[in-house]
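Structure first, then comments.
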Amino acid sequence: IAVANAITSSDEYRSSHIVGSYATYLGRPPDAAGQAFWLGHLAGGMTIQSMEAGFLAADEYYGQAGSADGVWVAHLYGHVLGRSAAQSEIDFWTGRLRAGATRNSVALGFLLSTEHLVSVVDGYYQQLLGRGIDPTGSRSWVAAIQGGRRVEEIIGGIVASEEYFGLS
């Protein structure tokens with residue numbers, strides 16, 4: 001676990017997440033100042049979900065998504081959850097915004113949702129174990145992330161598992 005955690009907490013690994021987030025959410029590479037900003041925050045304890053929420057809540061992303069709350073929320077459903085939103089779902093989140101929720105908190109709601117995190121952890125299972133996530137793994141890893149554990153720790157846990165060692 002220590003070796004896996006050392007790799008996933010390295011500047012190189014974190015930089016790849018930053019570059020990927022810029023490409024995914026803003027459609028461009030990072031500028032030097034932005035790269036340094038996010039790298040510093042990740043090194044200081046910020047989670048990947050919090051970083052990604054920063055991109056989704058940014059004025060640049062909001063503008064690309066139509067500069068209107070309802071359109072932005074619908075865009076989050078497609079971009080983060082990979083599906084269309086029902087009008088009731090859009091109404092729920094725009095109601096939260098009207099009640100004073102920040103775009104950042106709404107974005108975190110999407111990024112920390114069970115729906116999103118199951119797909120994230122399943123991706124690591126596919127990549128590292130060559131199979132899809134099982135119900136036990138889904139419940140435990142998703143709950144761990146929602147409880148504040150870093151994604152990097154989850155990767156370390158998978159890599160340290162007997163199943164992973166058995167693949168070698």
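So here's what we get for this one:
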| quantity | calculated |
| --- | --- |
| Sorted peptide list for 59-66, 151-158, 120-127, criterion being average Cβ within 10 angstrom, highest first | 151-158, 120-127, 59-66 |
| Total charge dipole magnitude, the chain, about the Cα centre, Cβ charges on Lys, Arg, Asp, Glu only, Debye to nearest 20 | 240 |
| Residue 86/residue 60 FRET efficiency (R0 30 Å; Cβ-Cβ; nearest 0.05) | 0.65 |
| Kyte-Doolittle mean at least 1.0 and Cα axial length at least 24 Å: DSSP H helices in the chain | none |
| Computed over region 72-138, the ratio Rg/Rh where both radii use C-alpha atoms and Rh is Kirkwood | 1.08 |
| Extreme residue, positive dipole direction of region 96-168, given options 101, 166, 116 (C-beta unit charges) | 101 |
| Pairwise FRET efficiency - residue 105 versus residue 37, Cβ, R0 = 22 Å, nearest 0.05 | 0.65 |
| Cα centroid of region 122-160 to Cα centroid of region 52-93, whole Å | 26 |
| Label zone at residue 160 (point 7 Å along Cα-to-Cβ), backbone N below 16 Å, region 33-64 | none |
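Bear in mind that the values in this text are calculations on the coordinates, not laboratory data. Nothing here was measured: the structure is a model prediction, and the numbers come from that model. A quick note on method: Cβ atoms are made from the backbone with ideal geometry, for glycine too, and the neighbour counts reach across all protein chains shown.
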